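For reference, the structure discussed in these notes is given below.
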Amino acid sequence: MTESTEPTEPTPQSDPVLVEQRGHTLLVTLNRPQARNAVNRELALALGEALEKAEHTRDVRTVVVTGAGDKAFCAGADLRAAAAGELGMTEEPLKSWGFAGFVKHWISKPVIAAVNGFALGGGTEITLASDLAVASETASFGLPEVTRGIMAAAGGAFRLPRQIPVKVAMESMLTAEPITADRAYELGMVNRVVPQDRVLDTALELAEKINRNAPLSVQATKRVARGVTDGTVAGEDVDWSRNDTEIAALLGSADAWEGMTAFAEKRAPEWKAE
């Protein structure tokens with residue numbers, strides 16, 4: 001479960017994800033700007049399928065993932081879809097791919113997040129699951145799920161403390177305070193911070209630097225560096241098991257219901273630790 005927002009639905013004709021091949025790079029755009037690119041089942045399936053396309057297309061050597069619009073990279077889970085049980089997380093292939101069809105979906109091609117706006121909850125978790133990241137100067141990151149009575153259950157709770165100093169990660173997760181783009185760069189969470197209008201170009205330029213190298217060598221390097229074998233990272237199995245046990249217990253708690261209800265009613269929650 002990830003931080004959610006109350007979205008306004010896009011027009012029915014819009015594709016939830018746009019996919020375009022630029023040279024040897026597959027550009028994948030989360031395309032629900034009216035919903036701040038929040039993740040629903042359709043977006044998750046489309047994003048997962050785009051990664052599959054990249055993995056099985058020889059001419060694709062890198063992937064760049066970004067968000068439509070100039071405000072949000074990804075605001076996390078679509079609140080209404082999550083409340084209705086319509087994120088598709090219990091069905092295949094989404095069950096194997098993880099949140100957004102992405103966070104457990106390991107491919108051999110390097111994936112670069114072009115973070116063009118705020119990336120809270122699931123947006124941060126998508127960034128953490130990417131191999132590299134470029135952020136706009138106005139981007140921000142954070143895992144504020146504790147303010148809703150839940151936790152960052154799409155990998156954030158164990159990946160953030162491994163990608164930045166543990167105490168900094170713990171403070172951010174336990175206080176729900178966001179991390180600015182500049183601070184994320186200082187901590188090594190992103191590779192570049194650039195003006196808003198340079199985010200996508202910078203990510204594509206970084207991809208092109210990778211594309212100049214031997215594709216099979218790049219892919220083998222990623223698999224070894226990330227611990228990927230047959231599309232999975234066995235080293236995270238225990239983490240995911242613990243993660244799933246904890247979020248299942250939280251989702252059955254009165255506090256989780258209170259957190260979501262208070263958010264919807266725009267009031268402060270009253271926690272009971274039960």
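The values are calculated or read from the model by the stated rules, or taken from the named source; none is laboratory data. Not measured: the values here are computed from a predicted model. Please note: Cβ atoms are built from the backbone with ideal geometry, for glycine as well, and neighbour counts cover all protein chains shown.
Hey, any hits in region 228-249 for a residue that's over 19 Å from the mean Cα position of the chain (by Cα), buried (at least 17 other Cβ atoms within 10 Å of the Cβ), farther than 19 Å from Arg22 by Cα and in contact (Cβ under 8 Å) with a residue 24 or more places away in the chain?
No, region 228-249 has no match at all.
Considering only residues that are of a type in the set (A, V, I, L, M) and either farther than 29 Å from Ser140 by Cβ or under 20 Å from the mean Cα position of the chain (by Cα) (or both), which ones fall in region 195-224?
Hits for region 195-224 are Val199, Leu200, Ala203, Leu204, Leu206, Ala207, Ala214, Leu216, Val218, Ala220, Val224.
Within region 22-35, track down each residue that is in contact with a strand residue (DSSP E or B) (Cβ under 7 Å, 6 or more places away or on another chain), touching a residue at least 40 places away in the same chain (Cβ under 8 Å) and not in a strand (DSSP E or B).
Scanning region 22-35 gives His24, Ala35.
Wholly within region 68-146, which strands (runs of 3 or more DSSP E) include no fewer than the required count, namely at least 1 residues that are at pLDDT below 95 and either β-branched (Val, Ile, Thr) or farther than 17 Å from Val17 by Cβ (or both)?
118-120
Checking Leu47 against (1) touching a Phe, Trp or Tyr at 6+ places or on another chain (Cβ under 9 Å); (2) of a type outside the set (Phe, Trp, Tyr); (3) in contact (Cβ under 8 Å) with a residue 60 or more places away in the chain: exactly one of these is not met. Which one?
All conditions pass for Leu47, except number (3).
Return the pair list, or none, for Cβ contacts closer than 9 Å from residues in region 63-83 that are under 18 Å from Phe141 (Cβ atoms) and among the aliphatic types (A, V, I, L, M) to residues that are outside any strand (DSSP E or B) and at pLDDT below 90, at least 6 apart or on different chains.
Taking only residues 6 or more apart or on different chains, the pairs are Ala75/Glu3; Ala75/Pro7; Ala77/Met1; Ala77/Thr2; Ala77/Glu3; Ala77/Leu87.
Might you check whether a residue that is touching a residue at least 40 places away in the same chain (Cβ under 8 Å), in contact with a Ser or Thr (Cβ under 6 Å, 6 or more places away or on another chain) and over 28 Å from Ala264 (Cα atoms) occurs anywhere in region 167-180?
No, the conditions are met nowhere in region 167-180.
Of the numbered conditions (1) in a helix (DSSP H, G or I); (2) buried (at least 24 other Cβ atoms within 10 Å of the Cβ), Leu206 fails exactly one; give the number of that condition.
(2)
Considering only region 216-232, I want to know if a residue exists there that is hydroxyl-bearing (Ser, Thr, Tyr) and within 16 Å of Lys104 (Cα to Cα).
Yes; the residues of region 216-232 include at least one that is hydroxyl-bearing (Ser, Thr, Tyr) and within 16 Å of Lys104 (Cα to Cα).
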